[in-house]
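Visitor: The structure that follows is given in the form of structure tokens.
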Amino acid sequence: MIKRYKGKHEKKERPGLDELQQELGREIYKRRFRRLLRRTVDALIVVAAISAIIATLVLPVLQIAGTSMEPNLNDGDIVLLAKTDKLETGDLCAFYYSNKILIKRVIATPGDYLWIEPDGTVFVNGLKLDEPYVQDMALGECDIEFPYQVPENAYFMMGDHRETSIDSRSSVIGCISTDHTIGKILCKFWPVFEFKWLG
């Protein structure tokens, strides 16, 4: 059997027009894919950076720890907070206390007069406070004298679980200075099936 070897000067077959078009198509596709991938990665980086800035400066996300806000907020729930210094009676507020972030409900605003009956009924400026968010009224841990006036630049706050919550009723915590407030809770979004608008 005789094998035929190509000589040095023997011409190589040139690719046909179809092969060239296919190769050109593959190269164009690769370039488009790389360009699209780069743009997608760049867009994701920008979105992540903007989200981080918004989450830190404007709409922080907090996880609830403890039972003082039951039944409306439970241990492990995740909430969205809006940074603001404009708080009203009934707002759920996050504030700094002893290097922690706590969440309580605004019951009375600066200058208001407060009275809490032994059964836990709350009066603000002589009017009974409508509190549909509280399941069981209770005086709880309270060592302040009534009538009580909320100091200027401070808020009187209480947890919704009145029997167990340690809050402004106790002189240990007292009223929360406006300098320590972070903002108000807009909504509970986790668990998803328990989504609730709170703002």
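Visitor: Within segment 71-93, is there a residue that is in a loop (DSSP other than H, G, I, E, B) and touching a His at 6+ places or on another chain (Cβ under 6 Å)?
Guide: No.
Visitor: Within segment 143-155, does at least one residue satisfy the condition of being among the charged types (D, E, K, R) and out of contact with any Lys or Arg (no Cβ under 9 Å at 6 or more places or on another chain)?
Guide: Yes, there is a match, as at least one residue in segment 143-155 is among the charged types (D, E, K, R) and out of contact with any Lys or Arg (no Cβ under 9 Å at 6 or more places or on another chain).
Visitor: Let me ask something additional. Consider segment 110-128. How many of its residues are touching a residue at least 24 places away in the same chain (Cβ under 8 Å), surrounded by fewer than 17 Cβ atoms within 10 Å (Cβ to Cβ) and in a loop (DSSP other than H, G, I, E, B)?
Guide: Here the count works out to 3.
Visitor: Further question: Would you confirm, using the coordinates I've provided, whether G140 is at positive phi, buried (at least 16 other Cβ atoms within 10 Å of the Cβ) and in the same structural domain as T84 (by TED's automatic domain parsing)?
Guide: Yes: the conditions hold for G140.
Visitor: When you look at G76, is it surrounded by 17 or more Cβ atoms within 10 Å (Cβ to Cβ) and modelled with pLDDT under 90, yes or no?
Guide: no
Visitor: While we're here: Where residues in segment 123-176 are farther than 21 Å from Y96 by Cβ and among the hydroxyl-bearing types (S, T, Y), which of them is nearest to the chain's Cα centre (by Cα)?
Guide: Per the stated criteria, the residue is Y133.
The values are calculated or read from the model by the stated rules, or taken from the named source; none is laboratory data. Note that this is a predicted model, so its numbers are computed, not measured. Positions of Cβ are generated from backbone atoms using ideal geometry, with glycine treated the same way; all protein chains shown enter the neighbour counts.
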